[in-house]
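The values are calculated or read from the model by the stated rules, or taken from the named source; none is laboratory data. Here the structure is a predicted model, which is why all the values come from computation and not from measurement. Cβ placement follows ideal geometry from the backbone for every residue including glycine, while neighbour counts extend to all protein chains displayed.
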């Protein structure tokens, strides 16, 4: 959670070795910053963003963002340049992803995917059957149950739109931690969420083996919802609705508390 005292917030996360790119990117905040810069529209990617603009996009105070950007620039993952503005004001500093650095950002996710797929060769489900890619993704989510439950204790299926969407939001955080760029839209009074998954970090593999990679994706989402008590929620994942876009459709089947009923 960001606060106006940004540097103190950043310092509490800065426990990993500061001299390695992988160490810096153990921080979810820095991954989010790099991911945001790397996925800017093509016409904007070379110009980059100011710390204030980045803060507006990632939901952090500009001072906190500058704290992290300084370390990312020092490590070579991010570059900065000054742009003169109209008038007599000071030039604005803008930040871009350094050439070739985004592959490093993705490497941890690829390593995790490789480990999960290796599990499918030896692991077994509860009924003794070989573990499917979807089962491997769900297994990963269940292995993080303590971490997930610490944020949203499972109380059964959500009975309000806010409770349901808070669980969807945590599932989105899981996807972002893996390197996905999810965009969420809700409708049906909050009962349904459509999640566009843009710029999949495993896109090339997914094109060759969609059943495998998309199975892991589905398992990640299904497993996270299960851990949070949403066992009956409907989840449909449609790969490649566009060349670089997959879409997940999530709907809760649990009736919500009627409007105005706060008893």
Which of (1) over 18 Å from residue 90 (Cβ atoms); (2) more than 19 Å from the chain's Cα centre (by Cα); (3) not in a strand (DSSP E or B) is the odd one out, the single condition residue 79 does not satisfy?
(3)
When you go through 156, 162 one by one, which is the residue that is surrounded by fewer than 17 Cβ atoms within 10 Å (Cβ to Cβ), assigned by TED's automatic domain parsing to the domain that holds residue 225, under 22 Å from residue 251 (Cβ atoms) and without any contact (Cβ under 8 Å) to a residue 40 or more places away in the chain?
162
Could you list, in sequence order, all residues of segment 30-52 that are surrounded by 17 or more Cβ atoms within 10 Å (Cβ to Cβ), more than 19 Å from the chain's Cα centre (by Cα) and not in a loop (DSSP other than H, G, I, E, B)?
49, 51
Does residue 224 count as modelled with pLDDT of 90 or more, farther than 14 Å from residue 246 by Cα and surrounded by fewer than 17 Cβ atoms within 10 Å (Cβ to Cβ)?
no
Looking at this structure, is residue 256 within 18 Å of residue 164 (Cβ to Cβ) and surrounded by 16 or more Cβ atoms within 10 Å (Cβ to Cβ)?
yes
Among 215, 260, which is assigned by TED's automatic domain parsing to the domain that holds residue 177 and modelled with pLDDT under 95?
215
For segment 60-89, give me each residue that is at pLDDT below 85 and out of contact with any strand residue (DSSP E or B) (no Cβ under 9 Å at 6 or more places or on another chain).
75, 76, 86, 87, 88, 89
